[in-house]
Amino acid sequence: MSITQQYFLDSYRARRHGEPAPPAPGAHDWQVARDLRRFRAVVAGRPAHGRIRQALGRWLRGRRPHPGC
């Protein structure tokens, strides 16, 4: 059975039971790839990057505002 056939079968069953439809195949591929890259970085011992690192830095420094704000 292909992924498309499985999706249609799951959608049909959900509709019959009054449940919400499952997400379409491929709807969250970019998020999964991004999370996998972050997970591998953590396992390899590399520091966090991006928004999480900035937020953690602000929290550790006592929530001082940005110089540009």
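The values are calculated or read from the model by the stated rules, or taken from the named source; none is laboratory data. All figures in this text were calculated on a predicted structure; none of them were measured in a lab. Heavy atoms of the whole protein, side chains included, go into the accessibility calculation; ligands, DNA and RNA do not. Shrake-Rupley method; radii C 1.70, N 1.55, O 1.52, S 1.80 Å.
List of remarks:
- The accessible-area ordering, largest first, of the residues Trp59, Trp30 stands as Trp30, Trp59, per a 1.4 angstrom probe.
- Solvent exposure of Arg46, expressed as accessible area, is near 130 Å², computed with a probe of 1.4 Å over the protein chains only.
- A probe of 1.4 angstrom, applied to the heavy atoms of all protein chains, finds Leu36 with accessible area near 80 square angstrom.
- Here the Karplus relation 6.51 cos²θ - 1.76 cosθ + 1.60, evaluated at θ = phi - 60°, turns the backbone of segment 22-30 into coupling constants of x, x, 5, x, x, 5, 10, 4, 5 Hz, with x for every Gly and Pro.
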